[in-house]
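Take a look at the structure below.
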Amino acid sequence: GILLGNVFAVCICWLQVRFGILRLPEDIYYMKYAPIKLIWWHVALIDMVTLSLCILCMWLPTLYIRRILPGLANKLVTLMIRIVPRRILLRAVDSRQSRRRANEAAKQG
C-alpha cells in the first residue's frame with residue numbers, strides 16, 4: 001500500500017511539474033500554477049512513520065490476545081452457542097405470538 005501510494009503521489013507531482021495541472025487564479029496569486037518540490041527524505045520519513053504506526057496497530061492487539069487462555073475461550077464460545085440461539089428463538093416466538101394476538105384483536109375489533 002505504501003509503495004502504490006508513493007508511485008501515485010510521484011506521478012501526480014510529475015504531472016504538476018510538467019503540465020501545471022493545479023492552476024491558481026492569477027488575479028489573487030502572483031503565479032499561474034502551484035509549484036511543487038519533491039524532497040525524497042520527506043517521503044522516506046512519512047513512509048517510515050506510516051509503517052511504524054501500522055506495525056504498532058497490529059502488534060498491540062496481539063499483546064492482549066496472548067493473555068486469553070484457549071481452554072477458557074473455547075468454554076465461553078460453546079456456552080454462547082448454547083445460549084444465544086435460544087434467546088433469538090424465544091424472541092422470534094414472542095414476536096409471532098404478539099403479532100397473532102394483534103391480528104386477532106384487529107379482526108374482533
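The values are calculated or read from the model by the stated rules, or taken from the named source; none is laboratory data. Bear in mind the structure is a predicted one, so any value in this text is a computation, not a measurement. So basically every Cβ, Gly included, is an ideal-geometry build from the backbone, and we count neighbours across all protein chains shown. These area figures cover heavy atoms from the full protein model, side chains too; ligands, DNA and RNA do not enter into them. Shrake-Rupley method; radii C 1.70, N 1.55, O 1.52, S 1.80 Å.
Extending each Cα 7 Å along its Cβ direction at L51 and Y33, get the distance between those two points in nm, one decimal.
3.2
Quote the relative contact order of region 1-66 in percent (integer), defining contacts as alpha-carbon pairs under 8 Å separated by 6+ residues.
25
Suppose each label sits 7 Å from its Cα in the direction of the beta carbon; what would the M58-L22 distance come out to in nanometres?
Between M58 and L22, the label points sit 3.1 nm apart.
Would you work out which of L76, F19, Y64 lies farthest towards the positive end of the dipole of region 17-84, given +1 charges on the beta-carbon of Lys and Arg and -1 on that of Asp and Glu, about the Cα centre?
So the residue we want is L76.
Put D27, D47 in order of accessible area, largest first, 1.4 Å probe: what do you get?
From most accessible down to least: D27, D47.
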